[in-house]
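This report refers to the structure that appears directly beneath it.
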Amino acid sequence: MSFNSFGRVFRFSTWGESHGPAIGAVVDGCPPGLAISEADIQPFLDKRRPGTSKFTTQRQEPDQVRILSGVFEGKTTGTPISLMIENVDQRSKDYSDVAKAYRPGHADYAYDAKYGFRDYRGGGRSSARETASRVAAGAVARLVIPDVDIFAYVSEIGGDAIDYARFDAAQIDENPFFCPDPVAAKRWETLVDGARKDGSSLGAVVECVASGVPAGWGAPLYAKLDSELAAAMMSINAVKGVEIGDGFAAARLRGEQNADPMRPGPDGLPLFGANHAGGIAGGISTGQPIKVRIAFKPTSSILIPVDTITREGEAADIITKGRHDPCVGIRGVPVVEAMMALVLADQMMLHRAQCG
């Protein structure tokens, strides 16, 4: 059985391959009567679109979305919303070597081991191209939670981290790295361009914050808000680690250091003195900003020879021609935002279903 859907009440499925005629998503469970058009979705796709700078893949895809169903007279009808994005700049011939041997670090061998057959053109479903469908679906999810503000940024590339003392949210959309530290962004120009010229790649850390989430979303045990977020983020291509709040750093604190102190606040709501928990306690939102940190591995498709084996099990080495991101985490920013929106929309509807 193959799983291509995510969510419980607000649910989406993605379809299509990197080098097929199109990719897309079907969003089900969206409430009726929400105003929506392609223009509401397109800005998020433009943010993820390839070929926008020399620091991303040079594949030229306009990523123009079409709404095929679920919308009438500019509003959602409550039926499945089908979204389609055409692929227009495939170069399948670049993957002739990948058809014969496996790229170490990529899904090539694992797909072959599972299915005995794989779409080697760009990696098929394992390609980061699939994430455009998530971004389109995430744009719909944002309409369900209009009072929630979601933004993500790159905090580290290749081990070089931002200085939080220079954090400026206004800078995030002012450079090609979605970086809130302008000094780090200038360093990253040399760092990423150097990896690209070497035919190599770099990993990155993306952080995402959602503010305006009220207390009470989520559920104990098996539908925890943090476990749903972790599953959503880990489902993104190239993601190898997720932290909520302080994450692993919490393991190095004492109890009194890790506590989020509370004092009486306005309207009977608490005022928190810290947010080590990342806005989630016991699997349920506390009303504080929800904070998630995501680790992206370096892109596996590189021009430096790497030891591998052929499909027949013979020793070989491989280089991957074509157009690839020297740091896939950069374009992961809008994908992370989309997955945050999709989880929160689903959790809002689950909460409403149980608690009214």
Solvent-accessible area, 1.4 Å probe, carbon plus sulfur percent, for region 104-184: 52
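Would you rank Phe178, Phe44 by solvent-accessible area, highest first, keeping every protein chain in place and using a 1.4 Å probe?
Details: Phe178 25, Phe44 55 Å².
Ranking Phe178, Phe44 by accessible area, largest first, yields Phe44, Phe178.
Ranked highest first by the average count of other Cβ atoms within 10 Å around their residues, in what order do 281-294, 25-38 fall?
Details: 281-294: 21.1, 25-38: 17.3.
Taking the mean over residues of other Cβ atoms within 10 Å, the ranking is 281-294, 25-38.
Can you put Trp217, Trp15, Trp188 in order of accessible area, largest first, using a 1.4 Å probe? Present the calculation step by step, with values, prior to reporting the outcome.
On the way: Trp217 20, Trp15 85, Trp188 0 Å².
The residues order as Trp15, Trp217, Trp188, largest area first.
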Cα shape, region 187-261, gyration tensor, a/c 1.5 rule: prolate
Accessible surface of Ile318 - all protein chains present, 1.4 Å probe, nearest 10 Å²: 10
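How big is the dipole moment of the chain about its Cα centre under a simple scheme where the beta carbon of each Lys and Arg is +1, that of each Asp and Glu is -1, and everything else is neutral? Debye, nearest 20, please.
Details: 38 positive and 43 negative charges, 99 e Å.
Here the size comes out at about 480 debye.
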Cα-based reach from Lys114 at 18 Å (exclusive), listing lysines while leaving out same-chain residues under 8 positions away: Lys100
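As a check on your grasp of the helix formula, calculate [θ] at 222 nm for the chain: sum -39500 (n - 2.57) over DSSP H runs of n ≥ 4, divide by the residue count, round to the nearest 500. Don't jump to the answer; show the numbers that get you there.
Working: 7 runs with 88 residues, N = 356.
Using -39500 (n - 2.57) per qualifying helix, the result is -8000 deg cm²/dmol.
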Farthest positive-ward along the chain dipole, Cα basis, beta-carbon charges - from Ala345, Ile23, Ala274: Ile23
Rounded to 10°, Cα long-axis angle of helix 131-144 versus longest principal axis of the chain: 20
Solvent-accessible surface ranking, highest first, for Phe272, Phe3 at 1.4 angstrom: Phe3, Phe272
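Please give the peptides 207-214, 151-158 ranked by average Cβ packing (other Cβ atoms within 10 Å per residue), highest first, as a rough proxy for protection. Before the final figure, lay out the partial values.
Details: 207-214: 18.8, 151-158: 22.6.
My ranking of the peptides, most packed first, is 151-158, 207-214.
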Lysine pair number, Cα distance threshold 21 Å (strictly under), region 184-336, separation 8 or more or different chains: 8
Förster radius 25 Å - calculated FRET efficiency between Asn275 and Ala170 (Cβ-Cβ, nearest 0.05): 0.70
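Roughly how many Å² is the accessible area per residue of the chain, as a whole number, for a 1.4 Å probe?
On the way: 16490 Å² over 356 residues.
Per-residue value: 46 Å².
The values are calculated or read from the model by the stated rules, or taken from the named source; none is laboratory data. Here the structure is a predicted model, which is why all the values come from computation and not from measurement. With ideal geometry, Cβ positions are generated from the backbone for all residues, glycine too; neighbour counts draw on all protein chains shown. Surface accessibility is based on the protein's heavy atoms, side chains included, excluding ligands, DNA and RNA. Shrake-Rupley method; radii C 1.70, N 1.55, O 1.52, S 1.80 Å.
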